[in-house]
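The values are calculated or read from the model by the stated rules, or taken from the named source; none is laboratory data. Small disclaimer: the values here were computed from a predicted structure and weren't measured. Methodologically, a virtual Cβ is constructed for each residue, glycine included, from the backbone with ideal geometry; neighbour enumeration extends over all protein chains shown.
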Amino acid sequence: MANNDDQFKKVISHAKEYGYVFQSSEIYDGLSAVYDYAQNGAELKKNIRDYWWKAMVQMHDNIVGIDAAIFMHPTTWKASGHVDAFNDPLIDNKDSKKRYRADVLVEDYCAKIETKIDKEVAKAEKRFGDAFNKQEFITTNQRVLGYQEKIDTILSRLAKSLENEDLADVKALIEELEIADPLTGSRNWTDVKQFNLMFGTKLGASAESAMDLYLRPETAQGIFVNFLNVQKTGRMKIPFGIAQTGKAFRNEIVARQFIFRMREFEQMEMQFFIKPGTQKEWFDYWKDTRLKWHKSLGLGEDNYRFHDHEKLAHYADAATDIEFKFPFGFKELEGIHSRTDFDLKQHEEYSGKKLQYFDHEEGKSYVPYVLETSIGLDRMFLAVFSNALVEEELEDGSKRDVLKLPAVLAPTKAAILPLVRKDEALTNMAKAIVDDLKWDFNVFYDEKDAVGKRYRRQDAAGTPFCITVDGESLEDNTVTIRHRDTMEQKRVKVSELRDIIKKEVDVREWLMKM
Ligand code: GAP
């Protein structure tokens, strides 16, 4: 079994080999932390986006979707607090000249302790077999408790120092823990400094008249500034939501872990406008609803956990992350934030325009509170993709790589394969099936190589079905349909194909599991 590092490397190379993700500008040796989605990746990404949009917008009659511009008036970012407070604490290593996020160095240190806990659990699981009770073990085993206490102490000190802007203490913590540069082992650190993550650019042709702009670091502000426009034109009644998906940009100090942390990425965000005082109830509702959405995809119940924030962002009165077990450990996948009335009030103040809602039931106007759900599309892609890639040993001792993507998200739903390339009757029949099925699904025609090799290729590319046309097909209009995960083959009528595929890939079937 590959270790986590090897597994992650395999994920990255598989993503390239099967046309999912390429390094951006690769012919010029790439651009750090910027990636391009290839032919299969673009489809997978689109399917994830659609799955989110359908669940959030189409299935909620009180949520509508918008598509705001990336460029926004620069005052937006002053009002939102990003100009003054959207910073990460950075630290440089004087020997290697490498720059790191100070908080990430500490978090990675804790992740290593967590690996020790995982090892203790795995050892005990082996020892006790079926009688093993994980929950009991981690709450009573002295060694595990010791490790956990160490993690908690470190993280709560880090949270406190960051909250108080006590950057000297963050550096002291790094020194006390003897954290070294991961690349060189050097402990020769500079002081910790704050670094603003927004990218600046200019609007306008001449140097004198050009206006300084920022590339948006989150899509949320496009929703806030349009709150009243949407509420009025859509005659929306509180509680209601506005959703959007789109690009966001952050000049991340530590951009690594493939598409987990990028400088240009895509968010899927929803702001839910509510009556002040109801935020706790909606916070719980959206925590529950969003977790159910994740779980509907069947990536494994144990692969999720909530992480409640100790250090709250400048706009929040409660916040939690849905963390997912990536190949490099549990990390944030989605954020759920109770943003109070911070953003709307700030925009009222900076724009001089009222951003209030008249509540007919209450008989008064107020600035609504906001509950936000915010998920990175690229991170979701990585969660789905890395979870799907498995190596299986077959009965004959051979191995196969299979990308067990949820069928609803798979880029290609079925590959149509004539058994023999040289038989024109077979290829014609296979092409006719492609021409018919492509009205409903993304399908792929492949006639090259032996059929076994073609199956393997489709398994590795994540295609849920292979449909093979053979001599018998010409006689009775039947084909074999092979399932990617079970490798089971069934003889079915060509006229049944559409319904068989639809049953497995239909969004309704998947979202009904929520
Ligand atoms: N509007 C709130 C907001 O932007 P956030 O926690 O900073 O909150 C939300 O970001 C989500 O966006 C994260 O949970 C993550 O999935 C994604 N995200 C943030 N920064 C990212 C980056 N540099 N690369 C990829 N995804 C990122």
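Looking across the range 11-42, just one residue is in contact with a Leu (Cβ under 7 Å, 6 or more places away or on another chain) and farther than 20 Å from residue 377 by Cα, and that is 25. Set side by side, the residues 232, 280, 237, 287 differ, and just one is more than 22 Å from residue 68 (Cα to Cα), surrounded by fewer than 20 Cβ atoms within 10 Å (Cβ to Cβ), away from the ligand (no atom under 16 Å from the Cβ) and of a type in the set (Lys, Arg), which is 280. For the range 1-54, a residue qualifies if it is assigned to a loop (DSSP other than H, G, I, E, B), over 18 Å from residue 261 (Cα atoms) and either acidic (Asp, Glu) or touching a residue at least 40 places away in the same chain (Cβ under 8 Å) (or both), and the qualifying residues are 2, 18, 19, 29. Restricted to the range 359-412, the set of strands (runs of 3 or more DSSP E) holding at least 3 residues that are away from the ligand (no atom under 16 Å from the Cβ) comprises 364-366, 389-393, 399-403. Return yes or no: is residue 246 part of a strand (DSSP E or B) and either surrounded by fewer than 21 Cβ atoms within 10 Å (Cβ to Cβ) or assigned by TED's automatic domain parsing to the domain that holds residue 54 (or both)? Considered against the rule, which asks whether it is part of a strand (DSSP E or B) and either surrounded by fewer than 21 Cβ atoms within 10 Å (Cβ to Cβ) or assigned by TED's automatic domain parsing to the domain that holds residue 54 (or both), residue 246 comes out as yes. When restricted to residues that are surrounded by 15 or more Cβ atoms within 10 Å (Cβ to Cβ) and of a type in the set (Lys, Arg), the range 296-330 contains 2. Among residues of the range 333-345 that are closer than 20 Å to residue 78 by Cβ, those with a beta-carbon under 7 Å from a residue that is more than 10 Å from the ligand (Cβ to nearest atom) and modelled with pLDDT under 95 at least six positions away or on a different chain give the pairs 340/317. Looking only at the range 55-77, residues that are in a helix (DSSP H, G or I) and either modelled with pLDDT under 95 or surrounded by 15 or more Cβ atoms within 10 Å (Cβ to Cβ) (or both) come to 5 in all.
Applying the criterion of being in a loop (DSSP other than H, G, I, E, B) and surrounded by fewer than 16 Cβ atoms within 10 Å (Cβ to Cβ) to the residues of the range 331-358, the residue that is nearest to the ligand (Cβ to nearest atom) is 353. In the set 325, 311, which member is more than 9 Å from the ligand (Cβ to nearest atom) and either in contact with a Pro (Cβ under 9 Å, 6 or more places away or on another chain) or not in a strand (DSSP E or B) (or both)? Result: 311 is the single residue among 325, 311 that is more than 9 Å from the ligand (Cβ to nearest atom) and either in contact with a Pro (Cβ under 9 Å, 6 or more places away or on another chain) or not in a strand (DSSP E or B) (or both). Taken across the range 199-211, residues that are away from the ligand (no atom under 16 Å from the Cβ), in contact (Cβ under 8 Å) with a residue 40 or more places away in the chain, touching a Pro at 6+ places or on another chain (Cβ under 8 Å) and part of a strand (DSSP E or B) do occur, with at least one present.
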